[in-house]
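The values are calculated or read from the model by the stated rules, or taken from the named source; none is laboratory data. Since the structure is predicted, the reported quantities are computational estimates derived from the model, not experimental observations. Cβ sites come from the backbone with ideal geometry, for glycine too, and all protein chains shown count toward neighbours. Areas reflect the complete protein model, heavy atoms only, side chains present, ligands, DNA and RNA absent. Shrake-Rupley method; radii C 1.70, N 1.55, O 1.52, S 1.80 Å.
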Amino acid sequence: MKRIVIANWKMNPQTADEAISLFRGIKKSASSATKVKTIICCPFVYIPNLARHAKGTKMSIGAQDVFWETSGSYTGEISTLMLKNIGVSFVILGHSERRALGETNEDIRKKVHSAAAENMQVILCVGERERDDHGEYLSFIREEVESALSGLQADLLEKIIVAYEPIWAIGKTDDDALSPSGMHEMSLYIRKLIAQLYDRDIADKVSIVYGGSAEPNNVQLLLDGGDIDGFLVGHASLETDDFGKILQVVNNCK
Ligand code: PEP
């Protein structure tokens, strides 16, 4: 299996000094987790600094969003090339917190297509707000996956990591995370959707990670039973010890 752990720092921490010290703390654990690809998705303003600190390590720096146009009159936006020029190789797209601010499936489709075409690794977030007994949430996931990926050239699928993040599990405690069997079902479902859009071979190669209160206490079970390649970690990525433990578990898994 591939082993990926992505930190989503969101709009934290508040100063560059704090960002550097958090990064340094994580760097220690990441350097001993030699089998894990560790990606730190920090706020834009900290990227140049952290990219310098990441030089010579296996860690990568990621962004939390990117615009679909390459340049021009788009006040406040940042292009893929700008990110690549400062050492970014991964970007989170379609996070539920950005969708809640008004980002549509169509916006996300444009961002995914342009970032992947420009050789950026995309962490595509999908996830339902709530679960119902009739499986409506599956149609919701289908729409998010299909609208983001359809029309994407088959050879660009290797640029995509799907992060399944049920919104109801985000920002809670380890007990509130999705169950391993629930994750297993969802991995099968997401691969089926991708196989329908492309083929089974391509679908099998896409990395799928879980996000939603992944913490030191639940990651082992999710890895054992969830059919996943790793985690997207929010609040626990701001705690050096917790994030270090997660890296260790993923590193040691069979
Ligand atoms: C997230 O919002 O991407 C996330 C995984 O958050 P948390 O781990 O805090 O649930």
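Based solely on its DSSP helices, what 222 nm [θ] is calculated for the chain when runs of n ≥ 4 H residues each add -39,500 (n - 2.57) and the sum is averaged over all residues, nearest 500 deg cm²/dmol?
Calculated from helices alone, the mean residue ellipticity at 222 nm is -12500 deg cm²/dmol.
Label-to-label distance for Gln220 and Ala117 is 4.7 nm, based on points extended 7 Å past Cα in the beta-carbon direction.
Of all the options Leu101, Leu149, Leu232, the one that moves most in a Gaussian network model of the chain with Cα springs shorter than 10 angstrom is Leu101. Mean-square fluctuations from a GNM of the chain, with a 10 angstrom spring cutoff on Cα atoms, peak among Thr240, Thr38, Thr57 at Thr57. Taken about its Cα centre, the chain carries a charge dipole of roughly 1220 debye when the Cβ of each Lys and Arg holds +1 and the Cβ of each Asp and Glu holds -1.
The heavy atoms of Arg99 present about 50 square angstrom of accessible area, all protein chains included, probe 1.4 Å. Spin-label model, Lys55 to Lys84: label points 7 Å out along the Cα-to-beta-carbon direction sit 2.1 nm apart.
For the pair Glu143 and Phe44 in one chain, pulling the backbone fully straight at 0.36 nm per residue adds 32.7 nm over the alpha carbon distance. For Gly230, the residues 5 or more places off, or on other chains, whose built amide H falls under 5 Å of its own are Ile4, Tyr210. Dipole orientation for segment 150-253: of the candidates Ile202, Asn218, Gln248, Ile202 has the Cα lying most toward the positive pole (charges on Cβ; Lys, Arg +1; Asp, Glu -1). Legend: calculated FRET efficiency, Ile167 to Lys35, from the Cβ-Cβ distance at R0 = 25 Å, rounded to 0.05, equals 0.25. Taking a virtual spin label 7 Å from the Cα of Lys205 along the C-beta vector, which residues in segment 1-37 bring their backbone nitrogen under 20 Å of it? Answer for segment 1-37: 1-4, 37.
Using only side-chain charges placed at the Cβ, +1 for Lys and Arg and -1 for Asp and Glu, the dipole size of segment 194-254 relative to its Cα centre rounds to 80 debye. Taking the centroid of alpha carbons for each part, segment 182-249 and segment 24-66 are 19 Å apart.
In loop segments of segment 39-88 as defined by DSSP, the trypsin sites (Lys or Arg not before Pro) with at most 16 further C-beta atoms inside 10 Å of their C-beta are Lys55, Lys58. When segment 82-174 is described by a simple charge dipole with +1 on each Lys and Arg Cβ and -1 on each Asp and Glu Cβ, the residue from Leu157, Met120, Trp168 located farthest towards its positive end is Met120.
For segment 138-242, with only Lys/Arg (+1) and Asp/Glu (-1) charged at the beta-carbon, what is the dipole magnitude about the Cα centre, in debye rounded to 20?
Once rounded to the nearest 20, the dipole reads 400 debye.
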